[in-house]
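The values are calculated or read from the model by the stated rules, or taken from the named source; none is laboratory data. Keep in mind the model is a prediction, meaning the values are calculated, not measured. With ideal geometry, Cβ positions are generated from the backbone for all residues, glycine too; neighbour counts draw on all protein chains shown. We work out accessible area using only protein heavy atoms, side chains counted, and drop any ligands, DNA or RNA first. Shrake-Rupley method; radii C 1.70, N 1.55, O 1.52, S 1.80 Å.
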Amino acid sequence: MVKSLIKASLLLLLLAVLTRQCDGADTKKKKKTTSKHVIDTNKYANVCVGTSTSKTKEPYKALTAKDKRQHAALSLLIDTSSLASIKTKDSPQHKAACWMIYDDSRKIDPRSKRGKAAFLQRYALVVLYHATNGMAWKKSDLWLSSSHECKWAGISCYEYNFLYSGIVERIRLSFNGLDGLLPRELSLLTDLQELDLHGNDIQGVIPHLVLVGLKSLNILKLHMNSMFGVIPKEIGKMTHLKELVLFGNYFAGKIPPEVGQLKNLEVLDVYANFLTGQVPSQISQLSNLKELHLNDNNINGKIPDSICKLPLLTELVADCLGPDPEVTCSCATVCCRGLPDAKCFKLKKSPSTTTGKKTQQKKKKNTSTATKKKR
């Protein structure tokens, strides 16, 4: 009996050891599979062959095996934008990659941490240039020149912060003839504070990666373009945002409730789109909101009273005009109605003023009641 118990114990011990070994082997396999894939850039040495340089119009040559900077640059670009986009001859990523590798006289080496950051910042802007037909811009002074990108027209960098020296802070290219799609590579500009591209002909959707990547953004102005699709829920990731101005586009669908996560938002303007559904109650969480423009959409229902109670809200514009309005609102400052008889009517009181007066009236009533009781 004792021998059989000893045998059983030994078998269990052996089984446990084998199980641990198997688990260890699986973990090693997993680590190997999750390790960063090394790109063999020698396979793609001819990636730019067949297209011409932007300077001399001569065809690009294949990457040389000795030029380690070129291979490091290509590897980083493939990892950043995808192999398919870099290989596609007409893509803005391909054009930007070839310019960065061959034409850029600054020859930034991405093999160091600082060099990588500088390389990707410059690359992101070059992609924007090609994605929006930069050659036809009204103003493109110094773009794609040997000058630092901080000197390019419409670009400004941090000036009074040594740690952020040479890092792009603002992009202001409004009414500049940009025509094309918003590239996801803009997400590489992680310290960007302002992106103002209004008054152009930018089409397509807002790339999710841009909203996730631009974590420091304070101002996003994409109004008066030709953008469409829904407002992505990832907008809620931009927690530093103070101004979100999207009016005059073709955005459809509902206002995402994730907007309520933008605790610093002061201006929300989605006027003149094709938005539907009701105004999300989560907007009432925006304690810093001052302006809310909702008119000329297909929004319906009642604007929640909790939004009217926002302490700083001074301007609320909605389609609340007429005997049968699309939206009902007790605190609008401007009520509008659409076609065929489009018009807007300005009201006198702001939401915060109205709310404040009601609060004061309640306090006066409570005070007088309390005085009467004492008497």
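Annotations for the structure displayed:
- From the list GLY301, GLY322, the lone residue that is modelled with pLDDT under 95, at positive phi and surrounded by fewer than 18 Cβ atoms within 10 Å (Cβ to Cβ) is GLY322.
- With respect to the conditions (1) surrounded by fewer than 19 Cβ atoms within 10 Å (Cβ to Cβ); (2) under 25 Å from LEU265 (Cα atoms); (3) not charged (D, E, K, R), GLY177 falls short on a single one, namely (2).
- The criterion of being closer than 23 Å to VAL334 by Cβ and of a type in the set (D, E, K, R) does not hold for LYS263.
- The criterion of at least 2 residues that are surrounded by fewer than 18 Cβ atoms within 10 Å (Cβ to Cβ) is met, among strands (runs of 3 or more DSSP E) falling completely within the stretch 237-277, by 250-254, 274-277.
- The selection criterion, being in a loop (DSSP other than H, G, I, E, B), free of Cβ contacts under 8 Å to residues at least 40 places away in the same chain and open to solvent by 60 Å² or more (accessible area, probe 1.4 Å), holds for LYS57.
- Filter pass, ASN218 being in contact with a Lys or Arg (Cβ under 6 Å, 6 or more places away or on another chain), farther than 23 Å from GLY134 by Cα, open to solvent by 10 Å² or more (accessible area, probe 1.4 Å) and without any contact (Cβ under 8 Å) to a residue 60 or more places away in the chain: yes
- In the stretch 278-298, the residues that are within 24 Å of the chain's Cα centre (by Cα) and assigned to a strand (DSSP E or B): GLU291, LEU292, HIS293
- Any chance LEU128 is among the hydrophobic types (A, V, I, L, M, F, W, C), open to solvent by less than 40 Å² (accessible area, probe 1.4 Å) and farther than 26 Å from ARG172 by Cβ: no
- Residues in the stretch 299-317 that are among the basic types (Lys, Arg) and assigned to a loop (DSSP other than H, G, I, E, B): LYS309 alone.
- Of all residues making up the stretch 135-152, the number that are free of Cβ contacts under 8 Å to residues at least 60 places away in the same chain and at positive phi: 1
- Filtered by the rule that a residue be closer than 21 Å to VAL230 by Cβ and either touching a helix residue (DSSP H, G or I) at 6+ places or on another chain (Cβ under 8 Å) or touching a residue at least 40 places away in the same chain (Cβ under 8 Å) (or both), the stretch 286-298 gives LEU286, LEU292, HIS293, ASN295, ASP296.
- Test: residue in the stretch 302-317 that is within 22 Å of the chain's Cα centre (by Cα) and acidic (Asp, Glu): no
- Pair list, Cβ under 9 Å, 6 or more apart: the stretch 338-349 residue within 16 Å of ALA272 (Cα to Cα) and surrounded by 10 or more Cβ atoms within 10 Å (Cβ to Cβ), other residue of a type in the set (Lys, Arg) and at pLDDT 90 or above: LYS343/ARG337; CYS344/ARG337
- From LEU178, LEU163, residue being free of Cβ contacts under 8 Å to residues at least 24 places away in the same chain, out of contact with any helix residue (DSSP H, G or I) (no Cβ under 7 Å at 6 or more places or on another chain) and under 23 Å from LEU217 (Cα atoms): LEU163
- Any hit, the stretch 150-165, residues being within 15 Å of the chain's Cα centre (by Cα) and among the charged types (D, E, K, R): no
- Top-ranked residue of the stretch 43-85 - restricted to ones that are polar (S, T, N, Q), in contact with an Asp or Glu (Cβ under 8 Å, 6 or more places away or on another chain) and at pLDDT 95 or above, ranked as farthest from ARG184 (Cα to Cα): THR80
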